[in-house]
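Novice: Okay, handing you the structure first.
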Amino acid sequence: MNKIQLLFIDLDDTVYPPDTGAWDILGNRIYQFMEKYVDIPYEKIHEERDRLFHLHGTTMKGLHVEYGADINHYLEYVHDVDLSGIIKEDPALRQALLQIPQEKWIFTNACRAHAEQILRLVGIRELFTDIIDVLDTDPYCKPDPLAFSVALEKAGNPDPTRCLFVDDRSSNLDAARALGMHTVLVDPNAISTDSHMVIRKLSELPDALARSGFTK
């Protein structure tokens, strides 16, 4: 990939598929936190969570800004769950990432401990230079352009036009593309888009890059 120097890869629903049930577990923890520690009535949580997520980029940031919730408490509570029965090793993904010699970083709106657990369970932790988590980019988070600026700085200030960003959310990819990054959408339904290259799962990345000319 002569055009690509570095890859930023999202974690949840990108490194592992969305049908694992992991986010259902984490979502329940978010509901519990909102009811127990923020005193939001249970019947209002779903609507309020959606509003906070779309307005602030993450539920966590919305709870912090609008309700004064402690970020560290939120992250510890939501991610204090053993996912070993849900997330399994992915040898195909490991082999795919080994085909990509460029430096790879995880860039997530989750916390580092959660990312470490996921990468260890999938069996790919050592393939990544480091993890950029939501505390590293605080007070910003994807899709805020300033979160991407922090990520670039932590990765050594590479040229954005020589970076590739992989995520499962178009809003995050749009922000990266606006900075000049190459972008790949992970979508199990493989719905094509004019804005981003699309793959069904992360293990398809090497072939997609080859088809796009990045490996020639």
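Just so it is clear, none of the values below were taken in a lab; they were calculated from the coordinates. Note that the coordinates shown come from a computational prediction; the quantities given were computed from them, not determined experimentally. In this analysis, Cβ positions are derived from the backbone assuming ideal geometry, glycine residues included, and neighbour counts consider all displayed protein chains.
Novice: Tell me the angle of helix 22-36 to the major Cα principal axis of the chain, expressed in degrees between 0 and 90 and rounded to the nearest ten.
Specialist: Between the helix axis and the principal axis of the chain, the angle is about 30 degrees.
Novice: Here's another thing I want to ask about it. Given a Förster radius of 22 Å and the C-beta distance between L179 and R200 as r, what FRET efficiency does 1/(1 + (r/R0)^6) yield to the nearest 0.05?
Specialist: 0.30
Novice: Could you please state, rounded to a whole Å, how far the C-alpha centre of segment 1-28 is from the C-alpha centre of segment 102-151?
Specialist: 10
Novice: Moving to a separate point now. Using θ = phi - 60° and the Karplus relation 6.51 cos²θ - 1.76 cosθ + 1.60, list the HN-Hα couplings for segment 184-199 in order, rounded to whole Hz, with x at every Gly or Pro.
Specialist: Those phi angles translate into 9, 9, 9, 9, x, 8, 6, 7, 5, 9, 6, 8, 9, 5, 10, 10 Hz.
Novice: Then there is this: Taking a quarter of the surface of the convex hull around the Cα atoms of segment 22-79, what do you get in nm²?
Specialist: So the mean shadow area of the Cα hull is 3.5 nm².
Novice: In degrees, nearest 10, range 0 to 90: what is the angle between the Cα axis of helix 145-154 and the longest Cα principal axis of the chain?
Specialist: Roughly 60 degrees between the two axes.
Novice: Hey, rough spin-label estimate for H46 and Y67, points 7 angstrom out along Cα→Cβ, what's it come to in nanometres?
Specialist: 1.7
Novice: Between N157 and T129, what is the spin-label point distance in nm, taking each point 7 Å from the Cα along the Cα→C-beta axis?
Specialist: Going by the 7 Å Cα→Cβ label model, 1.4 nm.
Novice: List the GluC sites (Glu not before Pro) within segment 41-101 that DSSP assigns to loop and that have no more than 14 neighbouring Cβ atoms inside 10 Å.
Specialist: Sites meeting the loop and neighbour criteria: E89.
Novice: While we're on this one: Relative to a virtual label point 7 Å from the Cα of K88 in the Cα→beta-carbon direction, which members of segment 183-212 show backbone nitrogen distances below 16 Å?
Specialist: Inside the label zone: nothing.
Novice: With Cα extents along the principal axes in Å in mind, check (1) 56, 35, 31; (2) 71, 40, 33; (3) 62, 35, 34 and report the label derived from this structure.
Specialist: So the structure-derived entry is (1).
Novice: Also, quick follow-up: What do you get for the angle between helix 42-56 and the principal long axis of the chain? Use alpha-carbon atoms, 0 to 90 degrees, nearest ten.
Specialist: So the helix axis and the longest Cα principal axis differ by about 40 degrees.
Novice: Anyone know which of G57, G68, G123 comes out most mobile in the 10 Å Cα GNM of the chain?
Specialist: In the Gaussian network model the winner is G68.
Novice: Another question, then. At 222 nm, what helix-only mean residue ellipticity would the chain give, in deg cm²/dmol to the nearest 500, using -39500 (n - 2.57) for each DSSP H run of four or more?
Specialist: -13000 deg cm²/dmol
Novice: Give a quick list of trypsin sites (Lys or Arg not before Pro) in segment 162-193 that DSSP marks as loop, anything other than H, G, I, E or B, with at most 13 other Cβ atoms within 10 Å.
Specialist: none
Novice: For segment 70-143, run through the trypsin sites (Lys or Arg not before Pro) and keep only the ones in DSSP coil with at most 16 other Cβ atoms within 10 Å of their Cβ.
Specialist: Passing sites in segment 70-143 are K88.
Novice: Stretch T193-T20 to full length: gain in nm at 0.36 nm per residue minus the Cα-Cα span?
Specialist: 59.8 nm
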